[in-house]
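The next block holds one structure in the form of structure tokens; read it before the comments.
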Amino acid sequence: MEEDSVTLNCDDTDIEKRDQILWRFGYNNILIAKMNRQNNESRFYDDNADGRFRDRLKLEKTGSLTITNARTTDSGLYKVTSSRTETPLSVFNLTVYAHLPIPVITTYSPKNASSSGSVFKCAFLCSVGNVSDVTVSWYKGNSVFSSISVSDLSRSLSLHLECLDDSYSCVVNNPISNQRQHLNNTELCQPCSEVCILCCGSTEVVIRLALSALVGVATVVVLVHDLRSRNLQQKKREQTSHTD
């Protein structure tokens, strides 16, 4: 994360005492730090790499490189070599993530909702700004039901509901952290109710209707079977009485 310190470890067992340890940054192999193994003297090249590492580098006695007050511009490739060979002893691909903002939830009116026949009682936007390489998701409880990846600096993700309960939230996350905002706007949306089928989402309505239809079909089948059984029993009784 930004403002953290990170140490890139160097195994100096393969470096001779009279060698120097060299740290380079980026695909252009820009020299940013050097240590003399004989006297452990360190030198930092603050003007290299656009001066981005000025006063923020430290070399340990082992040759490991510590970057303090990390910034997103520190992301990139780091290589450590000795003065004897250009073959890297270690290679690091560092990514520094910015602190995530808390997502903002606002209401809005969906375009062309009336003309398309879609009527939503609740419409929300979850927005994040000044971020990159994050994921924005709508959650219901612990389950994701809508998600997008954001590579630019701002993005919004919509949510359409027919009612509202307290289980909805919007989450913005990167690989190491997340920020969550719970949805709570009962002024716009009526609370969901178990006894009010109109408050359920369209998927739940379909499921309930399908279950009701299955129950109805099963009831009819039972009644028809019962009537047929009674008719057969009646016919057997009549045949028996005629025989007697």
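The values are calculated or read from the model by the stated rules, or taken from the named source; none is laboratory data. From a predicted model like this one, the values you see are computed outputs, not experimental measurements. Here Cβ is always computed from backbone atoms with ideal geometry, including for glycine, and neighbour counts include all displayed protein chains.
As for segment 6-15, it holds at least one residue that is at pLDDT 90 or above, under 33 Å from the mean Cα position of the chain (by Cα), within 19 Å of V96 (Cβ to Cβ) and among the polar types (S, T, N, Q). Contact annotation: residue pairs with Cβ atoms under 8 Å, 6 or more positions apart or on different chains, pairing a residue in segment 89-108 that is aromatic (F, W, Y) with a partner that is outside any strand (DSSP E or B), are Y97/M1; Y97/E2; Y97/T72; Y97/D133; Y97/P175; Y97/I176.
Return the residue satisfying two criteria in turn: it lies in segment 62-87 and is in a loop (DSSP other than H, G, I, E, B) and buried (at least 18 other Cβ atoms within 10 Å of the Cβ), and of such residues it is modelled with the highest pLDDT. Top of the filtered list is A70. Residues of segment 40-66 that are touching a helix residue (DSSP H, G or I) at 6+ places or on another chain (Cβ under 6 Å) and within 20 Å of D11 (Cα to Cα): T62, G63.
Which one of I21, I30, I15 is touching a strand residue (DSSP E or B) at 6+ places or on another chain (Cβ under 8 Å) and surrounded by fewer than 18 Cβ atoms within 10 Å (Cβ to Cβ)?
I30
Among the residues of segment 118-128, is any modelled with pLDDT of 90 or more and exposed (fewer than 11 other Cβ atoms within 10 Å of the Cβ)? Within segment 118-128, none of the residues are modelled with pLDDT of 90 or more and exposed (fewer than 11 other Cβ atoms within 10 Å of the Cβ).
Here is a check on your reading of the model: is N40 on the phi > 0 side of the Ramachandran plot, modelled with pLDDT of 95 or more and not small (G, A, S)? Judged against the criteria, N40 is not a match.
Out of contact with any Leu (no Cβ under 7 Å at 6 or more places or on another chain) and either closer than 30 Å to S147 by Cα or hydroxyl-bearing (S, T, Y) (or both): does that describe T81? No: the conditions fail for T81.
Looking only at residues of segment 161-175 that are modelled with pLDDT of 85 or more and closer than 22 Å to K121 by Cβ, we find that the one that is nearest to the chain's Cα centre (by Cα) is C170.
Can you go through S109, S42, S90 and tell me which one is small (G, A, S), touching a strand residue (DSSP E or B) at 6+ places or on another chain (Cβ under 8 Å), within 29 Å of S132 (Cα to Cα) and not in a loop (DSSP other than H, G, I, E, B)? Give the steps one after another, and end with the answer.
Numbers: S109 fails: not in a loop (DSSP other than H, G, I, E, B); S42 fails: within 29 Å of S132 (Cα to Cα).
That would be S90, the only listed residue that is small (G, A, S), touching a strand residue (DSSP E or B) at 6+ places or on another chain (Cβ under 8 Å), within 29 Å of S132 (Cα to Cα) and not in a loop (DSSP other than H, G, I, E, B).
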